[in-house]
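The block underneath contains the structure these notes are about, expressed in structure tokens.
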Amino acid sequence: MSKPTQRHDAPPVRRMTKQKQAIFDNVMNRCDHPTAQEVHEALAPLGIGLATVYRNLAILANDGVISTVEHEGEVRYDCNNEAHGHATCTSCGRLWDIPLPDTKAPSTVTGLADVEGVEWTLRGLCTACA
Ligand SMILES: [Zn+2]
Ligand SMILES: [Zn+2]
């Protein structure tokens with residue numbers, strides 16, 4: 001069984017099964033930072049089990065084709081692979097992307113040899129809830 005080596009915009013990934021593709025598409029199309037549970041619920045009609053969703057999300061995140069963000073103690077899956085910050089509404093719980101400020105460590109930061117990433121989440125009421 002040979003597979004065409006077709007390249008899309010996404011970085012090369014390991015074997016893309018039908019289920020993995022559906023999971024990937026769900027995260028990339030919704031862009032609302034779903035939990036594994038939410039991806040599972042969305043894919044329920046396809047009969048993809050929760051364990052499969054968890055496993056494939058972990059592989060996709062490990063391959064760097066989707067990002068993760070920890071929010072209120074839960075891992076969320078993120079369609080945005082660029083460095084970015086988040087804003088969250090304290091009323092409706094929506095989580096969305098915002099640009100990051102300068103991510104270089106200020107000169108006052110000690111003990112960190114190199115900055116590999118920054119997590120930045122602003123909290124407040126969204127314009128719909130305010
Ligand atoms: Zn809101
Ligand atoms: Zn994000």
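Read-outs throughout are calculated quantities, based only on the coordinates presented, and are distinct from any laboratory measurement. Note that this is a predicted model, so its numbers are computed, not measured. Cβ placement follows ideal geometry from the backbone for every residue including glycine, while neighbour counts extend to all protein chains displayed.
Some points to look at:
- FRET efficiency estimate (nearest 0.05) - Cβ-Cβ, A44 to R123, R0 35 angstrom: 0.65
- Considering only P101, I59, T90, the residue lying farthest towards the positive end of the dipole of the range 14-125 is I59, judged by Cα position with unit charges set on Cβ.
- Put a plus charge on the Cβ of each Lys and Arg, a minus charge on the Cβ of each Asp and Glu, and nothing anywhere else: the dipole of the range 14-125 about its Cα centre is then about 420 debye.
- Shape of the range 13-74, Cα gyration tensor, a/c cut at 1.5: oblate
- With N the number of residues in the range 59-121, Rg(Cα) / (2.2 N^0.38 Å) evaluates to 1.26.
- Considering only the Cα atoms of the range 14-125, their convex hull presents on average a projected area of 8.6 nm².
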